[in-house]
Amino acid sequence: MDPDSPNSDNLRSWGKFVATCLIGGVVVTLGATALLASSSSPYHGDSQLPLGISFRRRKKKPVRVYMDGCFDMMHYGHCNALRQARALGDQLVVGVVSDAEIIVNKGPPVTPLHERMIMVKAVKWVDEVIPDAPYAITEDFMKKLFDEYNIDYIIHGDDPCVLPDGTDAYALAKKAGRYKQIKRTEGVSSTDIVGRMLLCVRERSINESHNHSSLQRQFSHGHGQKFDDGGSGSGTRVSHFLPTSRRIVQFSNGKGPGQDARIVYIDGAFDLFHAGHVEILRLAKEHGDFLFVGIHTDQTVSAKRGVHRPIMNLHERSLSVLACRYVDEVIIGAPWEVSRDMCSFSPKDIITTFNISLVVHGTVAENDDFQKESGNPYDVPISMGIFKVLDSPLDITTTTIIKRIVANHEAYQKRNEKKAASEKRYYEGKSFVTGD
């Protein structure tokens, strides 16, 4: 370029007045404004800025939030807490407390760390998981969260978390100004669920004279005998969950399968939603693009599994399944076996209605009806050649979980009595907390 040309003067003027500033997250290189604004300038427009100068949008730093917990006997209350925590940031990092820390602070866990890790990783609002997290936020661990994990805020529910020495487990986070609170999901807790199973064990021995429907209604929907009869108890109340359509919407994905999606269907009770359930759902999803999960009614589960089942009612079980990242949609109250005698459509019609390509079942199950030659609830998909049995990755069932409680019921009874007292204080002193 001719050094004596007018354009050369413009370049020298540009270079002399260039400055950089940050406006609303956009790095803008500013100079002779009139030069840029003028349509007569040979450098009008971003693509023709001289000397490689251009507009660059600075990538926004994601807000990373941290929430920890034992997540023992993981349930929809835990999942809702994680959902709320995720809404306070862009990425949710979850710390899962070690078995040793739980034993010291609360008593023996029902589910070991590796199972609890499977459960937490499967929650669709979780981005990252830290194993063996400490029960209390110490100075060293908080520094590690801030420096190594780039955590902006530490999250916990509005219910108090008190250490054995009576101090607040989140005191340091609050003092640092990096603490945020969410609303506790009322009506369920791990203590409550363990209590339902303890109640199940006691009532099985003293209530054999009760009729089937009465016991089933008490256990999953109404009240345990110890409350109705004015007896004392240790927090083993039955479900106080109040289902709302809004909660279901919050847990739902809100979208259906694509036009050419391969749709897989699996059904079950999914009671005490556990790692065995998660792993078979993961395998089922790998066989298609969209996973439909049918959840049996309380009456069906009770008829097939016994009067004290299910431990958790239909709405509770539905939310637990919906929170799983492998699940796309659920049928709330799916039939055990649908025939023309039961309603106006056949199993083949169900398959056609939902455009199901494959029906699957795991090898580990509470019963073996899927292996029967007669009375098999999967006769129709078998006859259509779209039924497949999957090798279950884990040998865990709802009965497995219940047996763990029964085998160590004295320890869990003591733990529940202690925890029930703190939960009672929470409910007696609670006030309205915003959030959902």
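The values are calculated or read from the model by the stated rules, or taken from the named source; none is laboratory data. Predicted model only: the values in this text are computed from it and were never measured. FYI the Cβ positions are ideal-geometry reconstructions off the backbone, even for glycines, and counts take in every protein chain you see. Areas reflect the complete protein model, heavy atoms only, side chains present, ligands, DNA and RNA absent. Shrake-Rupley method; radii C 1.70, N 1.55, O 1.52, S 1.80 Å.
Structural remarks
- Protection proxy ranking, peptides 357-366, 169-178, 322-331, average beta carbon neighbours within 10 Å, highest first: 322-331, 357-366, 169-178
- Quarter of Cα convex hull surface for segment 282-326, i.e. mean projection, nm²: 3.6 nm²
- You can think of it this way: the chain between VAL104 and LYS304 has 68.1 nm of extra reach, that is 0.36 nm per residue less the Cα-Cα gap.
- Among the protein heavy atoms of segment 253-396, carbon and sulfur supply 46% of the accessible surface, probe 1.4 Å, non-protein parts ignored.
- Extension gain for VAL63 to ALA261 (0.36 nm times residue separation, less C-alpha to C-alpha distance): 67.9 nm.
- Accessible area per residue in Å² at 1.4 Å probe, computed on segment 253-396: 44 Å²
- With the charge dipole of segment 253-396 set up from +1 on Lys and Arg Cβ and -1 on Asp and Glu Cβ about the Cα centre, the Cα lying farthest toward the positive end among the listed residues PHE273, ASN376, VAL360 is that of PHE273.
- The distance from the alpha carbon centre of segment 361-408 to that of segment 95-165 is 33 Å, rounded to a whole number.
- Charged-residue dipole, Cβ positions (Lys, Arg, Asp, Glu), segment 253-396 about Cα centre, Debye nearest 20: 220 debye
- Column: log10 I(q)/I(0), Debye, Cα scatterers of segment 238-397, q = 0.09, 0.17, 0.20 Å⁻¹: -0.28, -1.08, -1.54
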